[in-house]
Amino acid sequence: MRNLESTAPDLERLEREREFHNHRYADDALRRNRVGRFYEIAEPFYARYKERILRDVNGAKVLAYGVGPGGDAFELAQRGALVTGIDISETAVALAQEAARRMGLSIDFQVMNAEETRFADQSFDVVCGSGILHHLDLRKAIPEIRRLLRRDGCAVFVEPMGHNLLINLFRRRTPALRSADEHPLLVTDLQHLNSCFRHCRTDYFGLSNLGLAVAGPLRRSMALRRLLGAADRFLFTVPWLRRQAWLVLIELAQ
């Protein structure tokens, strides 16, 4: 069942998101230089996300949310997936199309609103995205994901969480790095996802090891990364501490 048409406030929000991401992709180097140290320490967690979306993907129909020259669509296509990539940003789609041409990959990139896509029901085996859901209206995005997935399909996302006070302080001090309408996920959002899918698995990253972001050259110490990673895995066995995580890996199945 398709979502209802967007209201005027929806359209205004979507336009703000489109403009923000067009600007982001036109000047991405500056943004990444300012937050690169945080994403550097999260590389092992993003590697787990990538391993999950690339698993048994040969011949699968995959919808990638959020595109650009460095998105997941390219490696998915190289692994044999039949990839469609969508983004609300025309700039992101144009950059992705150019990158695909240079690499000799056949990927269908389209400008599209992920909350109201133009695809038929049960079109995809996999829906995936990194840092996408927290830009969407989940009341519309979640039913759309369910509509698009085949009965044995899965959806995989990695997203920021919105409870940690120190991370939220950093967000307030760097408003130019994020869109006005984005909303890092809350426990209530995860509970909603859990209620909408037969299977909802969540894994967490980023508590004690966030200190590596300000540790200078020490953040590249693999021994220290492993130690703090093990500490966080222990801490996240306590349910109420999970809400203090920076990132969550979400796996959904019908």
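Derivation of every value follows stated rules applied to the coordinates shown; laboratory data play no part. From a predicted model like this one, the values you see are computed outputs, not experimental measurements. Cβ placement follows ideal geometry from the backbone for every residue including glycine, while neighbour counts extend to all protein chains displayed.
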Selection from Met222, His199, Trp240 lying farthest towards where the dipole of region 194-254 points positive, charges on Cβ:
Met222
Just want the answer: with Cβ charges of +1 for Lys and Arg and -1 for Asp and Glu, which residue in Ile88, Leu165, His23 is farthest toward the dipole's positive end in the chain?
Leu165
Taking Cα centroids, how far is region 39-82 from region 180-235 in Å?
19
Given the options Thr237, Thr117, Thr202, state which has the largest fluctuation in a GNM of the chain using a 10 Å cut-off (strictly under) for Cα springs.
Thr237
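Would you work out if region 90-192 is rounded, prolate or oblate? Take a ≥ b ≥ c from the square roots of the eigenvalues of the alpha-carbon gyration tensor; rounded if a/c is under 1.5, else prolate when a/b is larger than b/c, oblate otherwise.
On the way: a/c = 2.32, a/b = 1.30, b/c = 1.78.
Judged from the Cα gyration tensor, region 90-192 comes out oblate (a/c at least 1.5, b/c at or above a/b).
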Compare Val62, Val111, Val126 in a GNM of the chain, Cα atoms joined below 10 Å, and give the one with the largest fluctuation.
Val111
Around Gln110, with a cut-off of 9 angstrom between Cβ atoms, what is the net charge of the other residues, counting Lys and Arg +1 and Asp and Glu -1?
-1
Do any trypsin sites (Lys or Arg not before Pro) in region 107-169 lie in a loop, going by DSSP, with at most 15 other beta-carbon atoms within 10 Å of their beta carbon, and if so which?
Arg118
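Let me make sure I get this right: for the chain, a, b and c are the square roots of the gyration tensor eigenvalues over alpha carbons, sorted descending. Under 1.5 in a/c it's rounded, otherwise prolate if a/b > b/c, else oblate. Which is it?
It comes out rounded by the Cα gyration axes.
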Placing +1 at every Lys and Arg Cβ and -1 at every Asp and Glu Cβ, with all other atoms neutral, what dipole size does region 184-243 have around its Cα centre, in debye to the nearest 20?
200
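With only Lys, Arg, Asp and Glu charged, each at its Cβ (+1 for the first two, -1 for the last two), find how big the charge dipole of the chain is about the Cα centre; round to the nearest 20 debye.
960
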Need one word for region 157-254: rounded, prolate or oblate. Basis is the Cα gyration tensor (sqrt eigenvalues a ≥ b ≥ c); a/c below 1.5 gives rounded, then a/b vs b/c decides.
oblate
Dipole size in debye (nearest 20) for region 125-224 around its Cα centre, Lys and Arg Cβ +1, Asp and Glu Cβ -1?
80
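Per residue, what volume in Å³ does the convex hull of the Cα atoms of region 34-148 enclose?
Considering the Cα atoms of region 34-148, their hull volume per residue is 113 Å³.
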To the nearest 10 degrees, how steep is helix 90-103 against the longest Cα principal axis of the chain, on a 0 to 90 scale?
90
